[in-house]
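No lab work stands behind these numbers, since they all come straight from the coordinates. Everything quoted here is computed from the prediction, not taken from an experiment. Here the Cβ positions follow ideal geometry from the backbone for every residue, glycine too, while neighbour counts run over all protein chains shown.
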Amino acid sequence: MKKVYLFCNAGMSTSLLASNMQKVADNYNLPIEVKAFSDSKMDGIVKKEKPDVIFLGPQVKYKYQDTVDKYGDGEAAIEVIDLEDYGNVNGERVLKRSIQLMKQKRGDK
């Protein structure tokens with residue numbers, strides 16, 4: 001099971017997006033777990049759960065470099081969620097992007 005975790009200030013604004021992403025994954029029978037969390041819990045969650053993709057909400061994009069510095073050498077691909085996709089709560093596009101990121105991290109083309 002691949003893990004795609006979204007982090008924002010309180011974990012609330014990304015919850016709807018995560019839910020939409022999970023519905024798309026379930027509809028296509030993809031073995032992907034999508035969850036949203038507060039960025040204040042990131043360290044513990046990343047160390048314990050070892051997600052394959054870490055998405056940051058646009059409101060915490062200032063934490064991107066810090067996140068890369070902390071977790072970029074691991075298995076996780078790290079990216080800020082596209083602002084338009086975030087605003088439109090486009091779960092399908094963000095899920096597709098997470099799959100692309102996982103393939104890039106593995107070295108697939």
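A few notes on this one:
- Charge dipole of the stretch 2-106 (Cα centre as origin; +1 on each Lys and Arg Cβ, -1 on each Asp and Glu Cβ, all else neutral): 240 debye, rounded to the nearest 20.
- Set of lysines near residue 2 by C-alpha distance (under 21 Å), chain-local residues within fewer than 8 positions excluded: 23, 35, 41, 47, 48, 50, 70, 96, 103, 105, 109
- Point-to-point label distance, residue 69-residue 19, nm (Cα→Cβ direction, 7 Å offset): 3.6 nm
- Residues with amide H under 5 Å from that of residue 7, placed H, sequence gap 5 or more: 37, 55, 56, 57
- In sequence order, calculated HN-Hα J values of the stretch 15-20 (Karplus, 6.51, -1.76, 1.60; Hz; x Gly/Pro): 4, 5, 5, 4, 5, 5
- For the stretch 22-109, the set of GluC sites (Glu not before Pro) satisfying both a DSSP loop assignment and a count of at most 15 other C-beta atoms within 10 Å is given as 75.
- Chymotrypsin sites (Phe, Trp or Tyr not before Pro) restricted to DSSP loop in the stretch 2-54 with at most 13 other C-beta within 10 Å: 28
- Inverse mean reciprocal Cα-Cα distance (Kirkwood Rh) of the chain, Å: 13.5 Å
- In the chain, helical runs assigned H by DSSP with n ≥ 4 each contribute -39500 (n - 2.57); averaged across all residues and rounded to the nearest 500, the mean residue ellipticity at 222 nm is -13500 deg cm²/dmol.
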